[in-house]
């Protein structure tokens, strides 16, 4: 059983490659040189070349601010590539597990977003990811779209690593406190994606549709930063002061949703998957980074 993972160099892709997959399951994570996702013809050829059991699309253009001026590239990777993957997997009769984002919502809802809530992206990144969702949903009936949020890990650039880097040199950090979401471990998300892909590969009638996959609980960026520094301090790292600020005090080219909380009960009901509390997941990541 061969499973294709796109975006193998990203946080989730790397976490997928570290998993202990069942005996007989082989993971293939081609590099950009081996599979250029901006080339839709190449995607079709690559998928047709061997009998895949499932495809997990963890590739994305995630530079949220840069996307505002790099519209074509963002849509190429976040919309056209998923469309090509959906088309190729449908023709091959292969299930597609597609990673999406909380940015498909505008953040104006008072409570956590349900999977069926209307989407309304407020930036290029979110719009391109929403277009990718629509392509997958429309083209390949055997799909699982998994929206996630605030992904962190020991790899690549992410909020936890940035806080530890800045906190090592500065006595005080100003961190946004009026955006609320669900910090999510790439490793925990990878385990969920793997479980979904394996079940879809083995069971033709496995649940399909859109799901939310995030660690349990919620936080603001400020609360997340404080937790990172609390854990790091237990490992002997300096403990900077964290001063809460508002979004308007930290302007960025792209607008961010004020509410990125995602309700996960659909994933629990369909696949029996519930991710652990974000505090435990983040503590594990910080421990690895400061060890």
Distance between the C-alpha centers of the range 255-291 and the range 153-190? Whole Å please. 13 Å
So what is the relative contact order for the chain, in percent, with contacts set as C-alpha pairs under 8 Å and at least six apart? 21 percent
Could you tell me what a quarter of the Cα convex hull surface of the chain works out to, in nm² with one decimal place? 14.7 nm²
Two-decimal Rg to Rh for the range 68-162 - Kirkwood Rh, Cα set: 1.00
Extending each Cα 7 Å along its Cβ direction at residue 172 and residue 291, get the distance between those two points in nm, one decimal. 3.5 nm
State, in angstrom, two size descriptors of the range 198-291 derived from its alpha carbons: Rg to one decimal place and Dmax to the nearest whole number. 17.8, 53
Given Cα pairs under 8 Å that are at least 6 residues apart, what percent is the relative contact order of the range 169-235? 52 percent
Most mobile of 184, 243, 89 in a GNM of the chain (Cα contacts under 10 Å): 243
Please figure out what share of the DSSP beta bridges in the chain is antiparallel and state it in percent, rounded to the nearest 5. 5 percent
Taking the chain as a Gaussian network, Cα atoms linked when under 10 Å apart, which of 102, 65, 249 shows the biggest mean-square fluctuation? 249
The range 32-92-the range 192-220 distance, computed between alpha-carbon centres (Å): 20 Å
Nearest 500 deg cm²/dmol is fine: what mean residue ellipticity at 222 nm does the chain get from its DSSP H runs of n ≥ 4 alone, each adding -39,500 (n - 2.57), divided by its residue count? -11500 deg cm²/dmol
Within a Gaussian network of the chain (alpha carbon springs, distance under 10 Å), most fluctuating of 113, 103, 250: 250
If you take every DSSP beta bridge whose two residues both sit in the range 133-291, what share of them, in percent to the nearest 5, is antiparallel? 15 percent
Under the 0.36 nm per residue contour assumption, what length would be gained going from the current alpha-carbon distance of residue 269 and residue 234 to full extension? 8.9 nm
Full extension between residue 203 and residue 45 adds, at 0.36 nm per residue less the Cα distance, a length in nm of 54.3 nm
Relative contact order of the range 197-284, please, whole-number percent, based on alpha carbon pairs below 8 angstrom and at least 6 residues apart. 46 percent
Show me the three semi-axes of the equivalent ellipsoid for the range 99-238, from the C-alpha gyration tensor (sqrt of 5 times each eigenvalue), largest first, rounded to whole Å. 32, 18, 12
So how do 218-224, 160-166 stack up, highest first, on mean other-Cβ count within 10 Å? 218-224, 160-166
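Every read-out reported here was derived from the displayed coordinates using simple, explicitly stated rules and does not represent laboratory data. Note that the structure is predicted; figures quoted are calculated from it, not measured. Glycine gets a Cβ as well: all are built from the backbone with ideal geometry, and neighbour counts include every protein chain shown.
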